[in-house]
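Asker: What follows is a structure written as structure tokens; I'll ask about it next.
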Amino acid sequence: MRRLGAIIAGGKATRFGSDKAAALLNGRPLIEHVADGLRKQVDKLIVCGRVWPGMDCVEDNPFPDMGPLGGLNAAFRYAQQNGFEEVVTAGCDVVPVAHFPEEHTYEGAIYIDGHYLFGVWPVALAPILEQHLRNQDDLSMRSWIAITGAQAITSADVFHNLNTPRELAQYAAQRSNIVIR
């Protein structure tokens, strides 16, 4: 099964106050830490919603500023055009990256309980998302999860959603040797 990794990075970072993806963690942009964690799990990696040097990038679809679902929809389109069966998603601001084994026992879509952007989404869901984006005012990941019946799974990892410079600084200070998987 071919997997596409998609970093969801089209947000405005209003709470962060600057470009969150470019914020430095251990001397490297945060998005690069996320990319490292996803690359090990996928056949190809893209960034959704923004341009990032050295990575293939796709614009949110059907429009910018639709939140994570616009990024997932763009990833689905890319996956359909390039022969991928699943899309593994991660936000550009959560570390470490959740690990989804390629050999799995679940059916359908899954996501990490409490971290909705960490998910594995069958590309067969693409037409359902297209229809949802055209017919719904609720563009939340929670509404999408309800529509798809995605299964929440737990993880032993502790994830850190770094929404402010202060949270990033606290996280970096707590970890003198951060190992990002």
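Asker: 7 Å from Cα along Cα→Cβ at both Ser143 and Thr164: what's the point-to-point distance in nm?
Answerer: 2.8
Asker: Follow-up question, since we're still on this one. Whole Å is fine, so just give me how far the alpha carbon centre of region 102-181 lies from that of region 75-98.
Answerer: A separation of 10 Å, based on Cα centres.
Asker: Neighbouring Cβ atoms within 10 Å as the yardstick, rank Ile145, Ile112 fewest first.
Answerer: Values: Ile145 17, Ile112 21.
Going from sparsest to densest Cβ surroundings: Ile145, Ile112.
Asker: Treat the chain as a sphere of radius equal to its Kirkwood radius over Cα pairs and apply Stokes-Einstein at 20 °C in a medium of 1.002 mPa s; give the translational diffusion coefficient in µm²/s, rounded to a whole number.
Answerer: 131
Asker: Filter the trypsin sites (Lys or Arg not before Pro) in region 1-59 to those in DSSP coil with at most 16 other Cβ atoms within 10 Å of their Cβ, and list the result.
Answerer: Filter output for region 1-59: Arg2, Lys12, Arg15, Lys40.
Asker: Further, regarding this structure: Mean Kyte-Doolittle of at least -1.0 plus a Cα span of 18 Å or more along the axis: flag which DSSP H helices in the chain meet both, please. It would help to have the intermediate numbers written out before the result.
Answerer: On the way: long enough: 68-82 (21 Å, -0.43).
Answer set is 68-82.
Asker: Per q in 0.11, 0.16, 0.23 1/Å, what log10 I(q)/I(0) does a Debye calculation on the alpha-carbon atoms of region 60-148 return?
Answerer: These q points yield log10 I(q)/I(0) values of -0.28, -0.61, -1.30.
Asker: Would you be so kind as to identify which of Val158, Gln81, Ser143 lies farthest towards the positive end of the dipole of the chain, taking Lys and Arg as +1 and Asp and Glu as -1 on Cβ and the Cα centre as origin?
Answerer: Projecting each Cα onto the dipole axis, the largest value belongs to Val158.
Asker: Turning to a different aspect of this structure: Can you work out the Karplus-derived ³J(HN,Hα) for every residue in region 44-54? Use 6.51 cos²θ - 1.76 cosθ + 1.60 with θ = phi - 60°, whole Hz, and x for glycine or proline.
Answerer: Karplus-based 3J(HN,Hα) across region 44-54 equals 8, 10, 10, 10, 10, x, 6, 9, 9, x, x Hz.
Asker: Also: Return the single residue from Asn163, Asn82, Asn73 with maximal mean-square fluctuation; model: Gaussian network over the chain, springs between Cα atoms under 10 Å.
Answerer: For the chain, modelled as a Gaussian network with Cα springs under 10 Å, the answer is Asn82.
A short reminder: the numbers here are calculations on the coordinates, not readings from a lab. Predicted, not measured: the structure shown is a model, and the values here were computed from it. Note that each Cβ is placed from the backbone with ideal geometry, even for glycine, and that neighbours are counted across all protein chains shown.
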